[in-house]
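Inspection log for the structure reproduced underneath, given as structure tokens.
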């Protein structure tokens, strides 16, 4: 027997297209003589559907999709959909259907509903109340959905789940486990997933087929990497990362030896920079495609952030679909304009230079009366950023291109960015990358290309917003290596100020950075959606109040030297 | 015996100030010879604390707050806080402490955790596992928290709650029920609350003391209106709406008659316009105060939206703290400038006129090359809006004033607004008011003042964005009375297109409005936080994906005449 893993890229709400894709994959699987094909979590609806789940018509369309699949699939399938039970109230379930011979032979609901970080499943779904293996070609198969297998002791305790669906299933003597997932990418996540499944397969002495989604959906990027492990926790099949794939596993099932699996393994780098870049390319491509944009426009400052964003955009949609605009002010250095031009040339993208001095002068004229007697300050710097934002938005409005915002996570964290200025854009490509990671990605892009796609001087020069003469980021901020270290400890690792100081940072620097992070929530609330690649990103999974006065204070008085 | 209802306005995260306030209220209650004071849900932490709950230091500070209260309160109290249980994992509870004689005598956890609309309590809390009445001065009192009493059959079914905490409590023979709440305002909500409690008091034949929060916290506005009902569901005490209050209820407890309650009733209007205005004034005042802003700046167009926003700001923080700026373009009519000036004069606020033509010309010059061969379109209209946004933000940056955004719900719904233009601001005051409601509020403001605070011509003239010559909103949009009707049916009532057509609207208009609403999610994602006054607002409780392709189609071909 042969099982196909249909690692597909669905679009949220495009039920017709999702169904077509599954029929196509099933047809290809049939040609390869597969007996069963498995699709990811909520493949019919697309994931995450969020508040579309509150629309009856959406649930209905998804149910009609399952019926269409049931009637048209060329081979049996396991597929994720939204189930509804009209028994008592109107209950929805994150569910998995077993389709065979034109019938829905079985439905398994999801038991553990993640309601943390970016997940809100308790908002929409009820948990499973029963767990019954299905019988397919004489093999008992235990079905589960994503979070249902995340039941290592430490996780169960942390998340307060009261039951272990795999344990319940395993008591019903399945010979094979299948899990359908929509597990978003984060750096290093593939190891965590494989270690988890290794532990579960060994614990239950059962093989597992794990089918994950692939593709970008707003802030979330699914990396695919579906895989199969045998009952000893050995990897026997692995699908591609960051692209659709259809792989097969041969199932040898005999009474004496049980279910044995064999497949092929597609290796993908485990390097964090390589993975991050691939994730951002996919996230950008899919956001544009799924929103209906063909072209992107990016403000090129000559600096590292816009250079990396532009390089990612070119990888995502092709150089012919990316426009760069340099918008120098009198404070811009000639080398910045040269670097921007050199970047555009090496990427081969359309490039324009629009000096912003006319608008700066206009604002000075318009505001002279109101500001009489007041000196120049950050106000005039923000005006420059807002002029650039307005020019990019004008290009977008006139030509239909998507503006890609270029801010990084370090800036967004401490508010070193201008609302309605450099924060303008439909998608913030690198907003979950700390500055040092932006450099890593830049260097890797050049290394991969075997030439300086991103100009060496862009990488080597000290970062500057160039909003006043001789300005450097480091005049206003701690060195990025220190800022990023504190940011990682505070945001991703959720450490307290004192713990961060004990890592070796100076108390006053730690307190300053944390204060800035807390104080700038109002800017982040109006930021463009950003692609999530870390374990904790600003955005949909970060829900801080604005009008609040809790401030964490360091009590350790002396500390590290950073 | 006497029970005090401490209807207080807390600040999220300002635990020290919240404790001070409670000590002060308790001291006043003691002077009035009260025996017990009751404070709202999560009064120690402030509500909603959102992801502050993920910080150990925040939980710890809140626990220290409870201990401070226990040691310092002059009379016994019932108070909301965040409890923690280190037993198995690190479980948090939305809890209620009974403090007496320097000790925490009892803790009751919340059972029903709302996880819908603006609420995410399953993200943070575990439900109660036990329900035990407390004994105070020979009276058995059953404690519950907010959602715990929302257990009418129809609600239980809709929300899928499996248990009814009031039923469990009532089986333990309490003589009095106390509920502490943080129940946000929505138009008409006070009736819903009173009807609910009336039903519960009658069902259980028990009196209930209901203590609600008051105050604005980001998007949520709590209207207070704490009250007491006897066992027949008769209102015996009612606190003020939209302000802090300390009211008392006399408890006559005898074996033969049971617990009898008597208090005073503060009437507040039930008119929806009056309530909406009061809510917005409180929401604006508290957002500014809790964020640390003294002054506000508003762009005055001469139109109704900015006029109402400015009038609300004056009520919220005083005329000396509001600045109006008119920013006419060559397309602005003289009557618009006159109306803006007249408004500023009647409100008595600082007023400036800054014509934006210099910046319009600058953008024309800067963009001439890029736009060569292309005609003028909405791009140039958006540039005007963005120049105005940048001027307001410049005033904010230079002077420290908060920019109040002036967009209404109708515009935000269909995207008739400019990102980074008129959408600029720290708080969107009327973004949950459909246009027709904005007119209602304007007329009421004038009626209340007994003079045209908002110029009559502002109310009477047809709405126009004045972004091109002779432009009227109605050139691009259906008449607001129709748009608002469809919007209400689609967004607040969650009706399907066909149902809306059957209400009497034209199919093509319904389809057009719904398409615009669905298509403009990307704008709303970057909107300023808006004050919620309806049962369903855009913002924290509205979570739609952007890159999604589900579109609801009307199938009814003929319909109403609107």
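If both residues of a DSSP beta bridge must be in the protein assembly as shown, then about 60% of such bridges are antiparallel. The Rg/Rh ratio for region B:165-229, using Cα coordinates for both the radius of gyration and the Kirkwood hydrodynamic radius, is 1.03. Taking 19 Å as the cut-off, the amide N atoms of region A:491-515 that come nearer than this to a point 7 Å along the Cα-to-beta-carbon line of residue A:557 belong to A:497-512. Only Cα pairs under 8 Å and 6+ residues apart enter the sum, and on that basis the relative contact order of region B:273-477 stands at 25 percent.
In chain B, Cα pairs under 8 Å separated by at least six residues give a relative contact order of 11 percent. Working from label points 7 Å from Cα in the Cα-to-Cβ sense, the residue A:333 to residue B:101 distance is 7.4 nm. Report the calculated FRET efficiency for residue A:137 and residue A:57 (r = Cβ-Cβ distance, R0 = 35 Å), to the nearest 0.05. Calculated transfer efficiency: 0.40.
Extending 7 Å from Cα along the Cβ direction at residue A:447 and again at residue A:272 yields two label points whose distance is 1.4 nm.
Calculate the spin-label point distance for residue A:253 paired with residue B:199, positioning each point 7 Å from the Cα along the beta-carbon direction, and give it in nanometres. Here the modelled spin labels are 5.1 nm apart. Distance between the C-alpha centers of region B:118-195 and region B:367-440? Whole Å please. First find each Cα centre; the distance between them is then 43 Å.
Using a/c under 1.5 as the rounded threshold, could you call region A:2-268 rounded, prolate or oblate? The axes a ≥ b ≥ c are square roots of the C-alpha gyration tensor eigenvalues, and prolate needs a/b larger than b/c, oblate otherwise. In terms of gyration-tensor shape, rounded. Annotation for residue A:294, label-to-label distances across the other copies: 5.6 nm (shortest first, one decimal, point 7 Å from Cα along Cα→Cβ).
Protection proxy ranking for B:128-140, B:62-74, using the average of other Cβ atoms within 10 Å per residue and placing the highest first: B:62-74, B:128-140. Rounded to the nearest 0.05, what FRET efficiency do residue B:368 and residue A:243 give with R0 = 56 Å and r taken as the Cβ-Cβ distance? Could you check? About 0.85, to the nearest 0.05. Largest first, the three principal axis extents of the alpha carbons in region A:470-530 are 34, 33, 18 Å in whole numbers. Between 0 and 90 degrees, the angle of helix A:189-204 with respect to the longest Cα principal axis of chain A falls at about 20 degrees. Using alpha carbons only, the radius of gyration of the protein assembly as shown set against its Kirkwood radius gives Rg/Rh = 0.96. Under 13 Å from a label point set 7 Å out along the Cα-to-Cβ vector of residue B:116, the amide N atoms of region B:132-157 belong to B:147, B:150-157. Residue by residue along A:394-402, Cβ atoms of other protein chains within 10 Å of the local Cβ number 5 on average. Taking all Cα pairs closer than 8 Å and separated by 6 or more residues, the relative contact order of region A:2-268 comes to 18 percent.
Between the C-alpha center of region B:67-115 and that of region B:475-523 there is a gap of 46 Å.
Expressed in Å, the radius of gyration and Dmax of the Cα atoms of region B:112-189 are 13.6, 40.
Computed from Cα atoms, the angle from the helix B:56-72 axis to the main principal axis of chain B rounds to 50 degrees. Projecting 7 Å from Cα along the Cα-to-Cβ direction, the label point of residue B:260 sits 8.7 nm from its equivalents in the other copies, listed shortest first. Over chain B, the hull volume per residue, using the convex hull of the C-alpha atoms, is 176 Å³. Shortest first, residue A:60 label-point distances to identical copies amount to 5.4 nm, with the label point at 7 Å from Cα along Cα→Cβ. Calculated [222 nm] ellipticity per residue, helices only, for chain A: -11500 deg cm²/dmol; basis is -39500 (n - 2.57) per DSSP H run with n ≥ 4, divided by all residues, nearest 500. Counting only alpha carbon atoms, the long axis of helix A:357-367 and the longest principal axis of chain A meet at about 80°.
A short reminder: the numbers here are calculations on the coordinates, not readings from a lab. Since the model is a prediction, treat every value here as computed from it, not as a measurement. With ideal geometry, Cβ positions are generated from the backbone for all residues, glycine too; neighbour counts draw on all protein chains shown.
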